[in-house]
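Written out below as structure tokens is the structure these notes cover.
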């Protein structure tokens, strides 16, 4: 994972935190929305943990762009991300 992708993931994680805070501040927060946001945040944290663990080594390059694309598409409400 490149440093640029790691920075983007950290930024997206922060954005999701803001969205989660907004959702929770609503008079009747949607439990499914909150759970979905938390799931996305956890997936990003897991990817970043892998990156932080491998940052020192020059191991094989892995493609994590799919996670970024899927998370971005879902945050826009795009149903073409392939997930139901």
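The values are calculated or read from the model by the stated rules, or taken from the named source; none is laboratory data. Keep in mind it's a predicted model, so treat the numbers as computed, not measured. Neighbour counts run over all protein chains shown; Cβ positions are idealised from the backbone, glycine included.
Restricted to region 51-68, and to residues there that are surrounded by 13 or more Cβ atoms within 10 Å (Cβ to Cβ) and in a helix (DSSP H, G or I), the residue that is modelled with the lowest pLDDT is 68.
A quick yes/no check of all residues on (1) over 19 Å from residue 53 (Cα atoms); (2) out of contact with any helix residue (DSSP H, G or I) (no Cβ under 7 Å at 6 or more places or on another chain):
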| residue | (1), (2) |
| --- | --- |
| 4 | no, yes |
| 9 | no, no |
| 15 | yes, yes |
| 19 | yes, no |
| 23 | yes, no |
| 26 | yes, yes |
| 33 | yes, no |
